Every structure is written in structure tokens, then in C-alpha cells.
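Novice: I have a structure here, written as C-alpha cells, and I will follow up with some questions on it.
Laboratory data are not the source of any read-out in this text; all were calculated from the coordinates shown. For clarity, every value in this text was computed on a predicted model and none was experimentally measured. Using ideal geometry, Cβ is built from the backbone for each residue, glycine included, and neighbour counts are taken over all protein chains shown.
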Amino acid sequence: MIDPLYSLSGFVVGMLVGMTGVGGGALMTPILILLFGIHPAAAVGTDLLYAAATKAGGSLMHGYARSIDWRVVKRLASGSVPATLVTLAVLSHFNLRGEAAGSLITLVLSVALFATALVLVFGGSIVAAYRTHVQELDAQRTATTTVLVGALLGVMVSISSVGAGAIGVVALVLLYPHMPIAKIVGSDIAHAVPLTLIAGLGHWMMGSVDWHIIASLLVGSLPGIVLGSYFANRVPERTLQVVLAITLFTVASRIAYDHAATASSIFTAFTRSAAP
């Protein structure tokens, strides 16, 4: 059965992704946690496979338009795939449905959301300052740094499902200043497919994926992405980015507050039980 509320959420997020190119995991995971009360681990695992399906469609479109640099995708994946596997191996030793795993996921999610919001607002200024004060890296250092960026994204995405969008794009803009933005976006999306798929399958093997929710989200998000892409050039991009950034700041603050309250209650309970 398709749940219309999940489909409506998928449609809204899909429209934003189609118009701005970012916001999939950064919005969908918090929506699942805050609005639908899904456990953080299940929200992350479900969103990862949902993202793999949607980004696969975007990757096909960019591949058809020849706007993917497969050399860059290979470098990112060389760091992200091993980092994802290691992160999943570490997570497998935790009870993902427990309080400790939920607190870890919400903590990383909050940091990733704040970072994404900052990138949306100040990304242009960051790139300009970087190019003013830092000379272009040589080919070897660029390749090595790209692998390290991929590893960082692998850890962040595996834990929180956030980071492969805006953060990845800005990192590539800094590392490849002469690459057209269309190729940077296309390469980032193409890299996100294996990253989210591997991480999502790992979460599925650990039992933190809800296929019913994925199906409902896709029913809404696929037409939403198409419609959002149609309006992409008809709505001021900067306005959308600022609105999206404010939303992410608000959501991250709420998740961080809830995380702090949960962590405090766990600490209080632990100290009481340890007291003589």
C-alpha cells in the first residue's frame, strides 16, 4: 500500500531537489525523524536507498548529456567506498535501534545539516576566498585530496545520509576550478549512486530499512523532480538556496536540541544507576 503522506513528502523534497540540485538527504532524513517519528537509524537506511534510486535517474540524464567526469567519480569512489565499508562494519557492532546509536546518528546528522546550510549560504564566498589565498593544487595533490574528500563523504553519508550533495559539489569546485559546473554537479551525482547504494544495502543488512516507505517516497518524488527541474530556471536560485538553508538551520537546531535532551537523560539515568 502507498502512503499518501510519505508520497506528498517525497513530492515536496523532489521539487526542491529538481530546482536546487541539493536537499534530498538533508531534508528527507529529518522529515522521517521529526514528522513521522521514524527511528534515526531506520530513517537513514531508508533515505539512503531512496537516494540511490533517485540519483541513479539523475546520473543517467547527466551521462546522456556527457556532463560526468568519470576520472573524478573514480577518485571519489576510491575514498568513499572503503570508508563506507569500514563505517558500516563499525556500526554493525552497535544496536542501531538503541539509544546510543540513535544519539550518534542525530549528532552527525546535525553537524552535516549545519555544514550543508553554511555551504548553501556562503559557498560562493568560500570558493572566492579559497581561490584568492590558495594557489591551484598540482595534479597529484588534487587526486589525493579528492580521494580524501570521498572518504569523508563516505563516513558522513553512511552515518547520516547527508553530505553527498552541496558539500561534495563545493569540494569539487575548490579542487577543480576549471571544470564546468555542469560536470561538477553531474560527477557528484554519479558518485552518490554507488555511495548511497552500498551504504543503503549495508543498513538493509542490519535491518534499518523500510521498503514500504521507500516505495511511497518514490511515487511522489519522481514527478516532483521532473516538475522541479521544469521550474528550475523560472524561480530565483539564490532565493531558493536561502530558504532551504534557513530550513536546514531550523531542522538541525531542533535535532541537536532533541539529541542534547536525550543524551542528558541517558547520562542522568546512568549516574543514578551507578550511585551507591
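Novice: Order these by the 10 Å Cβ neighbour count, fewest first: 122, 114.
Specialist: Listing 122, 114 from fewest to most nearby Cβ atoms yields 122, 114.
Novice: Let me ask something else about it. Among 151, 101, 42, which one shows the biggest mean-square fluctuation in a GNM of the chain, springs joining Cα atoms closer than 10 Å?
Specialist: 101
Novice: While we're here: Using only Cα atoms, find the angle between the long axis of helix 166-175 and the longest principal axis of the chain, and express it within 0 to 90 degrees, rounded to the nearest 10.
Specialist: Approximately 40 degrees, to the nearest 10.
Novice: Counting other C-beta atoms within 10 Å, which of 156, 28, 206, 61 has the fewest, and how do the rest follow?
Specialist: Lowest count first: 61, 206, 156, 28.
Novice: Test of understanding: ordering 13, 73 by Cβ neighbours within 10 Å, fewest first, what list do you get?
Specialist: Starting with the residue having the fewest Cβ neighbours, the order is 73, 13.
Novice: Something else now. Between residue 250 and residue 127, what FRET efficiency comes out of the Förster formula 1/(1 + (r/R0)^6) with R0 = 25 Å and r the beta carbon distance, rounded to 0.05?
Specialist: 0.50
Novice: Compute the angle between helix 99-133 and the longest alpha-carbon principal axis of the chain, please, reported from 0 to 90 degrees and rounded to the nearest 10.
Specialist: Once rounded, the angle reads 20 degrees.
Novice: In addition: Using 7 Å Cα-to-Cβ label points, what is the residue 257/residue 144 separation (nm, one decimal)?
Specialist: Going by the 7 Å Cα→Cβ label model, 4.5 nm.
Novice: Next up: I need to check one value: relative contact order of the chain, counting alpha carbon pairs closer than 8 Å and at least 6 residues apart, in percent.
Specialist: Answer for the chain is 42 percent.
Novice: Per DSSP H run of n ≥ 4, the term is -39500 (n - 2.57); total these for the chain, divide by its residue number, and report the mean residue ellipticity at 222 nm rounded to 500 deg cm²/dmol.
Specialist: -28500 deg cm²/dmol
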